[in-house]
Protein chains: 2
Amino acid sequence: MTDFAATKALFALPEGVLYLDGNSLGPLPAAVPDRIDAMLREEWGQMLITGWNQAGWMEMPMRLGDRIGRLIGAEPGQVAVGDTLSIKVYQALAAALDLRPDRKVVLSDTGNFPSDLYIAQGLLKMLGPDYELRLVAPEEVEAAITDEIAVTLITEVDYRSGRLHDMAALTRKAHEVGAVTVWDLAHSAGATPVDLAGAGADFAVGCTYKYLNGGPGAPAFIYVAPRHAGRALPALSGWLGHEAPFAFDLDYRAGAGVERMRVGTPPVIQMAALDCALDIWEMTTMEQVRARSITLSELFIAEVEAACPGLTLASPRDPQARGSQVSFRFDEGYAAMQALIARGVIGDFRAPDIMRFGFTPLYLDEDDVRGAVAILAEILNDKLWDRAEYKARKAVT
Amino acid sequence: MTDFAATKALFALPEGVLYLDGNSLGPLPAAVPDRIDAMLREEWGQMLITGWNQAGWMEMPMRLGDRIGRLIGAEPGQVAVGDTLSIKVYQALAAALDLRPDRKVVLSDTGNFPSDLYIAQGLLKMLGPDYELRLVAPEEVEAAITDEIAVTLITEVDYRSGRLHDMAALTRKAHEVGAVTVWDLAHSAGATPVDLAGAGADFAVGCTYKYLNGGPGAPAFIYVAPRHAGRALPALSGWLGHEAPFAFDLDYRAGAGVERMRVGTPPVIQMAALDCALDIWEMTTMEQVRARSITLSELFIAEVEAACPGLTLASPRDPQARGSQVSFRFDEGYAAMQALIARGVIGDFRAPDIMRFGFTPLYLDEDDVRGAVAILAEILNDKLWDRAEYKARKAVT
C-alpha cells in the first residue's frame, strides 16, 4: 500500500493552509526548486546549446509522455508532451476530423471546458461553413452520438460538477456509428484511472499543472492511438514534428508516430519541473490514489452535509460517477469562498454559485478534510453576507 | 555609452568557453537561478493558485510583450508573449490571410527557416487546394511581390547566411500591391534594430531564446499592428484570448487587441526566466548593441580571412546587409566545427558546409573574437580531416 504520509511530506505546502484546489494548480513538490536550480546551472549554464543532446532536452517531450502514459493507459511512444492544452485540442480535433472528411459535425457538451469549445469554434470556422459544433447537455451526449457525428470532443470530468463521463461506453457508441473520439483528460490525469487503450480512445489530450503538479503553465500532452499515429494529420506542422527536423528540408514530412504532434522548441525549464513532479507517482498507483480520493471526498460530503445545511451537493452522489473533486451550490458561494481562502482553506468558485473542492491524496488526509469543513461551518454560522457592511459593499461592485 | 564589460559580467559563462552560438541559444544570465528559485518557493509554493493574480502571472504575457516591444519598435499593448514561434507563425499567417480572402498565394523564400514553411504548408493544406506557398530565392523576393500575393512570410535575417532583408522596402512593396506582411524576427530581436511601426509591418513573430537569452524553450512573441489588432482572426482561439476568459461563456469572443492572440495557460516558470534575462537590456540600447555587433563581426571576418585562407565568407560582406551572425563555407566544416567545440569555441554547423558564428555584444568582446580565431586557425593548420583515421571513420558514417 502507498504510504500517503510519505507522499504528503514531499510537498512544500505553506503553514496553515489546507489546499483543496489541486484540481486547478497542484502545489510545489519540495524537490522541484533544487532540481530546477541544477538544470539551470549545470545544463543551461554549462552545456549551453549542447544541452539539447547532452542533457536529453530534445527527447524530453517523448520521455515525459511515456511517464504520463503509464497513468492513462497508454504504451510508451504514444504520448507527446508540449504546448498548452488548447493547442493540443486543436491538433487532436483537426486530426480526428481529417479521419472522417465526409462528416461535418463535432459533438460536445455544455459542461466541457470553454477553451475546448472556443478552439473548436476557431478550427471549424477555418474549415468552412459546412462544419458545425453541436452542443448538448452532458447527460444527452450518448443519445446525440449519431451517424451524423464526425468527432466527439468530450472532457471526461466536468470542470464544475466533477461529473464523470463513461469513456468506454461513449467511445464504443461513437465507434458503432463511425465517429472518432477526442478525450480531454484535464481533470482525469492523476485524478482517476484512465484506460485509453482499453476504451479504444482515438485521441486524448490533457494538462499537467493540476493533479500532476507540474507547476503554473506546465506543458500539455497528446495521445494518438497507434492505429492512427502513422497517418494522423499534424495540423500544426512544426519542425519538431518533422521526420528529420535537422535535415532542414524545405518540405514537411510528418514524423513516424505521435512525434508528429510535436510543434516547436519545447519548454525545457517547465519540463524539468514536471519531470521532478512525476517522480512522486513512482510511489503509488492510480488505483490506490483513486480509492483514497473516494474516501476523502465521501468524508467531505458527509461532514459538509452534517455541519453546513445551507449547501447543496452539485456533484454526483455516487463516487464512481465523479472525478476527484466535489462541488456544492450555495447562493453566497462567492463570499463564502473568499472567507475560506482568507482562513487558509483554498478551494475555488465558479459562477453562478459553485464552491469547488479538489481531493488529492498525494498531499491531503482526513485531518485536512475535517479541518476544512470545521472552518467552512464557522464561516457559514458567521453569515458575513448578512451583515450590513457586506451588503453595502456588494451593492456597489 | 553601454558598459559592455558590465553586461558581460551578468552572464554565467563556463570557464574556458568562447560562446559564439547565442544565435541558437543565449547563455544563462547569472541572476536567473535565484530569480526562479524565489518564484518557485515564494510564488508557486506560498501563493499556490492565487499566484495568477497576486504574483501577476496572468499579466506576464502582456507585460513581457511590452518589454520586448521596446526592442522591436512596438508600442505597449502590441506584443503578446506565449507558445512557440511555430505556433505564433500559424496565428499570424492565418490572420494575415484572413485580411486578404480574395488572394491565395503566400510568398516566402528558400532562406526562410523550415519550420515557418512547414507551418505554412499545414495551414494552407487545411484552408484548401486553392492555396499556394510560393518559394523564391531570397534575392528574388522583392520582384516576386505582385498583386497575386496575399501574404509575404519572410524571416528578416537568414538563419544560415545572416543575410538581412530590407523590412521597410519589402513592406512598402507589399503594401503597394495590396499584400499583407508577416515578419519573423527570430534572428532579429536583440540582434538588430527593428522598427515595426516605422516599417509599417502588419504582423511579426519571434523567439526569445536566442539573442534575448530567455533559456531553452523560452516562449515566443507576436506583434499585431494596431490597425489590425481589433479585427485580426485568432485562428487558435483559446480561452486566454477571450474577451472575458473567466466568464466561462460557451461562445468565443475575441479580446480587444493583441491579447486575442493569447491561447492557453502561459508558461510561468519560463516567463520568469525571460523576465530576468530582459533586465539586462535596461543597461543598453539596440543601437549600441548593433554598433558593437558590427565591430565584433568585422573583426572576426578580417581575422579569419587573414589566418584561415581555406574558408569562404558565406554572409554578406556589407555589415549593413547582415544580421548579427557570420557564416563561412568550408568543405570540412562539420569536422572543423566539432574540433572547435571540443576546444571550447562553440559555434554551429548547417549542412552542407556552413560554419556559423553569432556575435552577441552583451557577453562577447574583442579578446573573445581573437581567441576564437586563433583556435580556429590552429585546427585548420592541424587538418585532422586529412588524417587516415579520420577518413576511415568518415567512410563508415
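Listing for the model above:
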quantity	calculated
Solvent-accessible area per residue for the protein assembly as shown (1.4 angstrom probe, square angstrom)	34
Accessible-area value, B:Arg231, 1.4 Å probe, nucleic acids and ligands omitted, Å²	150
For a label point 7 Å along the Cα-to-beta-carbon line of B:Asp102, residues of segment B:169-195 with backbone N under 15 Å	B:176-180
Cβ-derived FRET efficiency at R0 35 Å, A:Thr2 paired with A:Ala244, nearest 0.05	0.20
Total accessible area lost when B and A pair, probe 1.4 Å, Å² to nearest 100	6300
Positions from segment A:81-107 whose accessible area shrinks by 20 Å² or more when the full protein complex is built, not the chain alone, probe 1.4 Å	A:Asp83, A:Thr84, A:Ser86, A:Ile87, A:Tyr90
Bridge type composition, chain B - antiparallel percent by DSSP, nearest 5	55
Among beta bridges that DSSP assigns inside segment A:113-228, antiparallel share in %, nearest 5	45
Copies compared at B:Ala244 - label distances in nm, ascending, label defined 7 Å from Cα in the Cβ direction	5.4
Translational diffusion coefficient (Stokes-Einstein; Kirkwood radius from C-alpha pairs) of segment B:91-147 at 25 °C, 0.890 mPa s, in µm²/s	208
Cα gyration tensor shape of segment B:131-251, rounded if a/c is under 1.5, else prolate or oblate by comparing a/b with b/c	oblate
By average C-beta atoms within 10 angstrom, highest first, the peptides A:364-371, B:233-240, A:167-174	B:233-240, A:167-174, A:364-371
Two-site label geometry, B:Arg343 and B:Asn53: point separation in nm, points 7 Å out along Cα→Cβ	6.0
Within-12-Å neighbourhood charge of B:Ala218 [Cβ basis; K, R +1; D, E -1]	-1
Accessible area, probe 1.4 Å, largest first, for residues A:His175, A:His242	A:His175, A:His242
Separation of the A:Lys383 and B:Ala31 label points, Cα + 7 Å toward Cβ, nm	5.4
Residue-count net charge about A:Ala74 - beta-carbon cut-off 10 Å; Lys, Arg +1, Asp, Glu -1	-2
Cβ crowding within 10 Å averaged over residues, with A:129-136, B:287-294 ranked highest first	B:287-294, A:129-136
Of B:Met126, B:Ala321, B:Trp385, farthest towards positive along the dipole that unit charges on Lys, Arg, Asp, Glu beta carbons give chain B	B:Met126
Under 19 Å, Cα to Cα: Lys pairs in chain B, sequence gap 8 or more or different chains	7
Overall form of chain B per C-alpha gyration tensor (a/c, 1.5; a/b vs b/c)	oblate
Relative contact order of chain B, defined on C-alpha pairs under 8 angstrom at six or more residues apart (%)	22
Efficiency of FRET between A:Ala321 and B:Thr110 - r from beta-carbon atoms, R0 60 angstrom, step 0.05	0.55
Delta accessible area of at least 50 Å² on complex formation, residues of segment B:255-299, 1.4 Å probe, chain isolated as reference	B:Thr265, B:Ile269, B:Gln270
Derived scalar couplings ³J(HN,Hα) [segment A:274-284; Karplus, 6.51 cos²θ - 1.76 cosθ + 1.60; whole Hz; x for Gly, Pro]	5, 4, 5, 5, 6, 3, 4, 5, 5, 8, 8
Global form of segment B:25-171, assessed from the alpha-carbon gyration tensor, a/c cut-off 1.5	prolate
Summed residue charge, Cβ within 15 Å of B:Ala232's Cβ, Lys/Arg positive, Asp/Glu negative	+4
Inter-label distance for A:Glu148 and B:Asp166, nm, one decimal - labels placed 7 Å from Cα along Cα-to-Cβ	5.8
J(HN,Hα) series, segment A:261-272, from Karplus relation 6.51 cos²θ - 1.76 cosθ + 1.60, nearest Hz, glycine and proline x	8, 5, 10, x, 4, x, x, 5, 5, 4, 5, 5
Rounded percent of accessible protein surface that carbon and sulfur make up, segment B:32-282, 1.4 Å probe	49
Other copies of A:Asp195: label-to-label distances in nm, shortest first, labels 7 Å along the beta-carbon direction	6.6
For segment B:191-199, Karplus couplings with θ = phi - 60° (6.51, -1.76, 1.60), whole Hz, Gly/Pro x	10, 9, x, 10, 10, 4, 5, x, 6
Average partner coverage of A:344-350, which counts Cβ from other chains inside 10 Å	1
Heavy-atom accessible area order for B:Met47, A:Met286, largest first, 1.4 Å probe	B:Met47, A:Met286
Within the protein assembly as shown, helix-based [θ] at 222 nm, where runs of 4 or more DSSP H residues each add -39,500 (n - 2.57), nearest 500	-11000 deg cm²/dmol
Residue mean of other protein chain beta carbons inside 10 Å, A:245-252	5
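The values are calculated or read from the model by the stated rules, or taken from the named source; none is laboratory data. The shown structure was predicted, so the numbers you read here are calculated from the model rather than taken from an experiment. Reconstructed Cβ throughout: ideal geometry from the backbone, glycine too, with neighbour counts over all protein chains shown. For the accessible areas, the whole protein counts, side chains as well, though only heavy atoms, and no ligand, DNA or RNA atoms are used. Shrake-Rupley method; radii C 1.70, N 1.55, O 1.52, S 1.80 Å.
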